[in-house]
Structure formats: C-alpha cells, structure tokens
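Scroll down for the structure; my scribbles are underneath it.
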Amino acid sequence: MTKPIYVLNGPNLNLLGTREPEIYGHDTLADIESRLRKKAGERGLEFRQTNSEGELVDWVQEASREASCLILNAGAYTHTSIALHDALRACTAPLIEVHLSNPAAREAFRQTNYVASAAMASIAGLGPHGYEVALEAAIRMKA
Ligand code: DQA
C-alpha cells in the first residue's frame with residue numbers, strides 16, 4: 001500500500017491568517033490544509049501542526065517509518081533546532097522544505113538553516129502556493 005505524505009508545521013503556524021499577514025498572507029492553516037486535501041485526492045495525507053520542538057522531532061521520526069515523503073515548514077525551529085536537524089538527517093523519507101516567506105531575503109537570524117541541508121528540495125517565498133508545489137512533487141515521487 002502507498003504510504004501517506006506527511007505535511008508537518010512548526011511553531012506559530014497555527015496563527016496563520018492573523019499573524020503578520022503582510023508577510024505570511026491571509027490564508028489560515030486550515031485553508032491550506034483543505035486545498036492540499038483536495039489536491040491529494042485519494043492519496044493519503046497526514047497534516048499536522050505543533051508548537052513543541054520535541055513533538056516535531058517525534059513526528060519526524062514517525063514520518064521516517066510511515067511516510068512516502070515529508071513536507072516540512074519548521075517555522076522558527078528551522079533557524080534554531082539541532083535536534084530537528086539530527087532527526088531529519090536520520091529520516092529515510094525524502095524531505096521537501098517549505099516556507100511561506102523567503103527567509104533568505106529577511107533578517108540575519110533567519111540565515112541560519114538547520115533544515116535545508118537535510119532536504120531534497122526547498123520551496124520558499126511562494127506563500128501558501130508553495131505547499132501545493134511541494135505536494136505535487138511529492139505525489140509524482142514513487143512511494
Ligand atoms: C517561516 C519562516 C520562518 O523564518 C519563521 O520563523 C516562520 C515562518 C515561513 O513559512 O515563512 O515561523 O517558516
């Protein structure tokens with residue numbers, strides 16, 4: 001059986017829609033999830049958000065066992081978490097990193113990235129559409 005595609009979201013992404021809309025847009029995370037579910041159709045999709053670093057690490061370990069592909073917006077943990085980096089390095093599912101904004105064009109503290117070096121691909125700066133681009137790529141991959 002085809003394994004599901006995991007879409008994991010890190011801290012503060014539960015606030016999408018009201019959080020700095022000039023940077024992150026007006027869509028909520030539920031809006032993004034519902035578009036992805038439509039696009040995924042029959043393809044299994046596991047879509048989650050957590051504010052907790054440890055929970056995110058647990059879910060990456062789970063994705064390594066259960067997912068055909070991992071799509072991850074790690075939020076600020078992208079720039080801080082060596083624990084997340086280690087979990088991603090150990091993860092056997094291919095990883096697509098997503099960011100709504102383009103951290104490379106933002107503050108100096110966002111120039112450190114502990115996710116990108118474990119990723120197969122990174123999509124940044126396309127807003128919510130970036131998740132759909134990542135999902136299309138994940139669907140095309142053989143499970
Ligand atoms: C983000 C970019 C991060 O720098 C920031 O901490 C976020 C959101 C994005 O999707 O643009 O929380 O991951």
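The values are calculated or read from the model by the stated rules, or taken from the named source; none is laboratory data. The model shown is predicted, which means the values in this text are computed figures rather than measured ones. A quick note on method: Cβ atoms are made from the backbone with ideal geometry, for glycine too, and the neighbour counts reach across all protein chains shown. Just the protein is used for accessible areas: all its heavy atoms, side chains included, with ligands, DNA and RNA removed. Shrake-Rupley method; radii C 1.70, N 1.55, O 1.52, S 1.80 Å.
The convex hull around the C-alpha trace of the stretch 5-140, projected and averaged over every direction, spans 7.1 square nanometres. Couplings 3J(HN,Hα) of the stretch 97-113, computed from phi: 7, 10, 9, 5, 8, 10, x, 5, 9, 10, 4, 4, 5, 8, 7, 7, 9 Hz, in residue order, whole Hz [Karplus 6.51 cos²θ - 1.76 cosθ + 1.60, θ = phi - 60°; x for Gly and Pro].
What helices in the chain pass both tests, a Cα length along the helix axis of 27 Å or more and a mean Kyte hydropathy of -1.0 or higher, using whole DSSP H runs?
On the way: long enough: none.
Result, helices passing both filters: zero.
D86 exposes around 90 Å² of accessible area when a 1.4 Å probe is run over every protein chain in place.
Considering only the stretch 5-140, what is the antiparallel percent among its DSSP beta bridges, to the nearest 5? Could you put the intermediate results ahead of the total?
Numbers: 0 of 17 bridges.
Bridges in the stretch 5-140 are about 0 percent antiparallel.
When T78, T92, T112 are compared by accessible surface with a 1.4 Å probe, the order from highest to lowest is T92, T112, T78. Placing unit charges on each Cβ (+1 for Lys and Arg, -1 for Asp and Glu) gives the stretch 1-130 a dipole about its Cα centre, and among G41, W59, L13 the Cα reaching farthest toward its positive end belongs to G41.
Output the direction-averaged projected area (hull surface divided by four) of the convex hull of the alpha-carbon atoms of the stretch 64-124, in nm². Before the final figure, lay out the partial values.
On the way: hull surface 15.2 nm².
For the Cα atoms of the stretch 64-124, the hull's average projected area reads 3.8 nm².
Counting Lys and Arg as +1 and Asp and Glu as -1 over every other residue whose Cβ lies under 11 Å from the Cβ of A40, the net charge comes to 0.
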